[in-house]
Amino acid sequence: MYLTFWGVRGSYPVPGAATVRYGGHTSCVELRSDRGKCLVIDAGTGLRGLGKKLAQEFRKPDGATYNLILSHVHWDHIQGLPFFEPAYIGDTKIVVHAPRAAAKELRQVIGGITRHEFFPVDLDAVPADFEFHEVVPGSAFEIDEFTVLPIGLNHPFGAVGYRVDADGSSMAYVSDTAPFDRMLHKQHFTAGIEEPSDEDREILKTMRANLVESLREVDTVIYDTHFTSEEYEQFPHWGHSTPEHALQICQEAGVRQLVLYHHAPAHDDDMMDRIAEKFGLLGKEANVVVCVAKEKMTLTMGEVTNPGIVA
């Protein structure tokens with residue numbers, strides 16, 4: 001099993017000279033089994049490039065099926081869907097798996113961003129057939145040869161991570177989530193810190209324990225490390241994590257490799273270099289290989305990756 005990054009940013013895309021080495025597109029990862037089966041994780045602006053590749057690769061007279069799993073429906077994780085080229089090919093099925101609340105409203109959400117005021121082609125007018133399925137944290141399901149376990153995360157309006165097992169190896173995608181120490185994020189955004197109640201603290205404790213257990217002995221974990229520790233102190237209510245928290249979780253779970261992901265728009269290539277160097281060294285101390293996600297970087301589960309190499 002191997003994966004390729006097509007979008008590595010959070011919040012909004014930032015293409016340009018300052019992000020050319022790490023990339024400026026928002027969240028999208030392509031996962032492949034050894035037999036070539038494809039699973040797409042998140043649908044940010046990186047999905048456009050992946051879609052162009054898939055449209056050429058899987059063009060068949062009898063159509064093709066594409067499976068997408070979404071962490072949640074915040075804008076940076078779905079804004080590539082209207083530009084997904086296979087959606088404009090007849091006899092194509094696009095199966096979208098998303099968390100509870102999102103799954104029920106997903107057609108409406110995606111249909112909303114393709115309304116005629118915003119986009120020239122309505123969702124119901126595209127040739128492809130969209131199908132939507134609900135995912136529930138803790139309830140595993142199968143897609144081709146992939147076994148997918150959704151994991152509850154700490155993010156405004158909710159989000160899920162995914163552990164995926166195939167070909168005798170495993171990976172996990174943990175984006176978006178805040179740490180489990182300052183506040184419990186609920187079905188709303190907040191202007192500042194909301195002190196957790198005793199009940200909230202128990203929920204956070206359980207959520208963290210479930211995450212660690214779900215990541216147990218995973219080969220490679222892609223983790224939301226949007227903030228530096230200093231930035232997190234300013235914005236703990238935004239629902240994002242830090243490399244320090246990610247490394248601690250992965251060390252506890254016995255993870256072999258941590259990939260820093262969902263980079264903040266303001267973090268240019270030079271800053272990402274500094275982050276890569278710092279946490280590469282800290283990872284060695286924790287016995288976890290740490291690298292930083294870059295667009296078009298490919299990782300094979302079970303192989304140690306040089307953080308300085310882009311495939």
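The values are calculated or read from the model by the stated rules, or taken from the named source; none is laboratory data. These figures come from a predicted structure and were not determined experimentally. Virtual Cβ from ideal backbone geometry, glycine too; neighbours counted across all protein chains shown.
Answer yes or no as to whether G192 is loosely packed, with under 14 Cβ neighbours inside 10 Å and modelled with pLDDT under 95.
yes
Within the stretch 255-273, track down each residue that is under 17 Å from H245 (Cα atoms) and part of a loop (DSSP other than H, G, I, E, B).
V255, R256, H262, A264
Does A17 fit the bill of being of a type in the set (A, V, I, L, M), modelled with pLDDT of 95 or more and out of contact with any strand residue (DSSP E or B) (no Cβ under 6 Å at 6 or more places or on another chain)?
So A17 fits the description; yes.
Name the residue that is farthest from A191 (Cα to Cα), counting only residues in the stretch 252-266 that are of a type outside the set (D, E) and out of contact with any strand residue (DSSP E or B) (no Cβ under 9 Å at 6 or more places or on another chain).
Going through the qualifying residues, I end up with G254.
Looking at I222, I249, can you tell me which residue is surrounded by 21 or more Cβ atoms within 10 Å (Cβ to Cβ) and assigned to a helix (DSSP H, G or I)?
Of I222, I249, the one residue that is surrounded by 21 or more Cβ atoms within 10 Å (Cβ to Cβ) and assigned to a helix (DSSP H, G or I) is I249.
Any idea how many residues of the stretch 152-169 are surrounded by fewer than 22 Cβ atoms within 10 Å (Cβ to Cβ) and either of a type outside the set (G, A, S) or at positive phi (or both)?
Qualifying residue count for the region: 7.
For residues in the stretch 170-189 being among the polar types (S, T, N, Q) and modelled with pLDDT of 95 or more, which is surrounded by the fewest Cβ atoms within 10 Å (Cβ to Cβ)?
It comes out as S170.
For the stretch 257-311, how many residues are modelled with pLDDT under 95, acidic (D, E) and within 19 Å of G23 (Cα to Cα)?
0
Within the stretch 197-211, does at least one residue satisfy the condition of being among the polar types (S, T, N, Q), crowded, with 21+ Cβ neighbours inside 10 Å and at pLDDT 95 or above?
Scanning the stretch 197-211 turns up no residue that is among the polar types (S, T, N, Q), crowded, with 21+ Cβ neighbours inside 10 Å and at pLDDT 95 or above.
Restricting to the stretch 25-55, name every residue that is in contact (Cβ under 8 Å) with a residue 60 or more places away in the chain and either among the acidic types (D, E) or in a loop (DSSP other than H, G, I, E, B) (or both).
Hits for the stretch 25-55 are H25, S27, S33, D34, R35, K37, D42, G46.
Looking at the stretch 88-105, which of its residues are at pLDDT below 75 and within 22 Å of R163 (Cβ to Cβ)?
Result: R100, A101, A102, A103.
How about the stretch 130-166: which of its residues are over 15 Å from the mean Cα position of the chain (by Cα) and in a loop (DSSP other than H, G, I, E, B)?
V136, P137, G138, S139, A140, D144, E145, P156, F157 - these are the residues of the stretch 130-166 that are over 15 Å from the mean Cα position of the chain (by Cα) and in a loop (DSSP other than H, G, I, E, B).
Collect the residues in the stretch 167-196 that are among the aliphatic types (A, V, I, L, M) and in a loop (DSSP other than H, G, I, E, B), keeping them in residue-number order.
Residues satisfying the conditions are A178, M183, L184, A191, I193.
Identify the residue in the stretch 232-243 that is part of a helix (DSSP H, G or I) and in contact (Cβ under 8 Å) with a residue 24 or more places away in the chain and, among all such residues, is farthest from G192 (Cα to Cα).
It comes out as P243.
From the set of residues in the stretch 1-60 that are at negative phi and polar (S, T, N, Q), which is surrounded by the fewest Cβ atoms within 10 Å (Cβ to Cβ)?
Step by step, filter the stretch 1-60, then rank; the result is Q56.
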